[in-house]
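One structure below.
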Amino acid sequence: MTSVSFVSYFTPGLCQSVAMLPPAGHFLSLLLMIGTGGTVPSPRLAPQGCYVAEEAGERTFRCSQADLRAVPTGIPNDTRKLYLDANQLASVPAGAFQHLPVLEELDLSHNVLAHVSGAAFQGLAGTLRHLDLSANQLASVPVEAFVGLQIQVNLSANPWRCDCALQEVLQQVRLAPGTETGIVCGPGARSDLVGQEFLPLVEEEELCGTGRGGARHSTDVALLVTMGGWLVLVVAYLAQYVWENRDGTRRPLKRAPALPVHSEDSSTLSTMV
């Protein structure tokens with residue numbers, strides 16, 4: 001009797017209950033959400049040519065040679081290493097990676113990057129350690145992009161403008177070992193700097209006026225300007241002195257005025273005679 005009642009109780013709603021169950025994929029996502037405290041990786045699909053891998057126990061997202069023209073969506077938010085190298089990326093917009101709170105390594109090399117936003121790496125100050133920007137079309141990068149980051153960066157093989165802005169960038173970051181000689185001045189630099197390595201120029205050229213060479217050159221210029229000013233004043237004084245003396249020699253000598261003779265003195269003189 002119990003068995004019959006059990007079947008009779010569940011049988012009428014059994015099909016209905018099964019039909020109301022969510023699909024297996026949604027059910028699995030629900031279990032993952034419960035197990036991780038409500039946080040799951042982004043459900044968006046990765047672009048074609050990209051895949052997730054585990055490398056040395058760290059979540060890695062590779063999109064190398066995927067013909068990307070923009071930073072892709074669908075990158076899992078637990079990614080620690082992100083490879084976007086060898087694509088067609090022309091720019092990195094503000095906040096492009098702010099949804100990756102544990103990102104440690106970012107490879108943007110061998111693209112066609114010509115512009116990097118000052119807020120491109122926003123949200124990565126506490127995690128990002130390695131950044132590869134080599135082999136792109138960067139002539140300059142705003143120093144704001146690196147403020148607060150404790151990173152090691154590869155800036156080689158770019159057509160740098162070699163100006164004060166680049167010098168300020170190098171004061172904010174550490175260069176990856178062996179990449180120093182690859183920072184070379186490109187066509188946008190001064191004509192006499194094109195093709196030269198940048199780091200030796202920092203000590204010799206006046207870029208921000210803070211290098212030893214720049215400071216010495218600035219001091220010499222200031223000294224020359226000061227000496228020139230004094231020389232002009234001396235010449236002007238001498239010219240005025242000579243001009244005044246020349247005018248003085250042309251003036252006729254003035255006779256001393258005759259003393260007036262009073263009438264009483266004349267009378268007295270006549271009487272005495």
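Residue pairs whose Cβ atoms lie under 6 Å apart, separated by 6 or more positions or on different chains, with the first residue in region 42-55 and among the aliphatic types (A, V, I, L, M) and the second at pLDDT 85 or above, are Leu45/Gly74; Ala46/Gly74; Val52/Phe61; Ala53/Thr60. Filtered by the rule that a residue be surrounded by fewer than 19 Cβ atoms within 10 Å (Cβ to Cβ) and in a loop (DSSP other than H, G, I, E, B), region 155-171 gives a lone residue, Ala157.
Residues in region 99-118 that are in a strand (DSSP E or B) and of a type outside the set (D, E, K, R): 3 in all.
Matching residues to (1) closer than 24 Å to Cys164 by Cβ; (2) open to solvent by less than 40 Å² (accessible area, probe 1.4 Å); (3) part of a strand (DSSP E or B); (4) free of Cβ contacts under 8 Å to residues at least 60 places away in the same chain:
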site: Ala120; (1), (2), (3), (4): yes, yes, no, yes
site: Thr127; (1), (2), (3), (4): no, yes, no, yes
site: Asn136; (1), (2), (3), (4): yes, yes, no, yes
site: Ser140; (1), (2), (3), (4): yes, no, no, yes
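For Pro177, the stated conditions hold: it is over 18 Å from Asn136 (Cα atoms), outside any helix (DSSP H, G or I) and modelled with pLDDT of 95 or more. Only a single item in (1) among the hydrophobic types (A, V, I, L, M, F, W, C); (2) crowded, with 16+ Cβ neighbours inside 10 Å; (3) under 19 Å from Ala70 (Cβ atoms); (4) over 14 Å from the mean Cα position of the chain (by Cα) is not met by Val112, and it is number (2).
Scanning region 43-66 for residues that are over 18 Å from Asp132 (Cα atoms) and part of a loop (DSSP other than H, G, I, E, B) returns Pro43, Arg44, Leu45, Ala46, Pro47, Gln48, Gly49, Cys50, Ala56, Gly57.
The residues listed here are Gly182, Gly186; of these, the one that is in contact (Cβ under 8 Å) with a residue 40 or more places away in the chain, touching a Pro at 6+ places or on another chain (Cβ under 9 Å), open to solvent by less than 30 Å² (accessible area, probe 1.4 Å) and farther than 16 Å from Phe121 by Cβ is Gly186. When region 65-75 is filtered for residues that are surrounded by 19 or more Cβ atoms within 10 Å (Cβ to Cβ) and not hydrophobic (A, V, I, L, M, F, W, C), only Pro72 remains. Evaluate the following for Arg174: is it in contact with a strand residue (DSSP E or B) (Cβ under 6 Å, 6 or more places away or on another chain), open to solvent by 30 Å² or more (accessible area, probe 1.4 Å) and under 23 Å from Leu199 (Cβ atoms)? Against the criterion (in contact with a strand residue (DSSP E or B) (Cβ under 6 Å, 6 or more places away or on another chain), open to solvent by 30 Å² or more (accessible area, probe 1.4 Å) and under 23 Å from Leu199 (Cβ atoms)), Arg174 qualifies. Filtered by the rule that a residue be modelled with pLDDT of 95 or more, more than 15 Å from His99 (Cβ to Cβ) and in contact with a Ser or Thr (Cβ under 8 Å, 6 or more places away or on another chain), region 53-85 gives Thr60, Lys81, Tyr83, Asp85. The residue list Thr271, Thr210 contains one member that is polar (S, T, N, Q), open to solvent by 100 Å² or more (accessible area, probe 1.4 Å) and modelled with pLDDT under 80, which is Thr271. Looking at the structure I just gave you, is Ala96 in contact with a Phe, Trp or Tyr (Cβ under 9 Å, 6 or more places away or on another chain), part of a loop (DSSP other than H, G, I, E, B) and touching a residue at least 40 places away in the same chain (Cβ under 8 Å)? No; evaluated as a whole, the condition is false for this residue.
Answer yes or no as to whether Ala90 is under 27 Å from Arg62 (Cβ atoms), open to solvent by 40 Å² or more (accessible area, probe 1.4 Å) and in contact with a Lys or Arg (Cβ under 9 Å, 6 or more places away or on another chain).
On the way: under 27 Å from Arg62 (Cβ atoms): yes; open to solvent by 40 Å² or more (accessible area, probe 1.4 Å): yes; in contact with a Lys or Arg (Cβ under 9 Å, 6 or more places away or on another chain): yes.
The answer is yes for Ala90.
The values are calculated or read from the model by the stated rules, or taken from the named source; none is laboratory data. None of these values were measured; they are calculated from a predicted model. Cβ coordinates were reconstructed from backbone atoms using ideal geometry, including for glycine residues, and neighbour counts include every protein chain displayed. When the accessible area is computed, the model is the full protein with side chains, heavy atoms only, and any ligands, DNA or RNA have been set aside. Shrake-Rupley method; radii C 1.70, N 1.55, O 1.52, S 1.80 Å.
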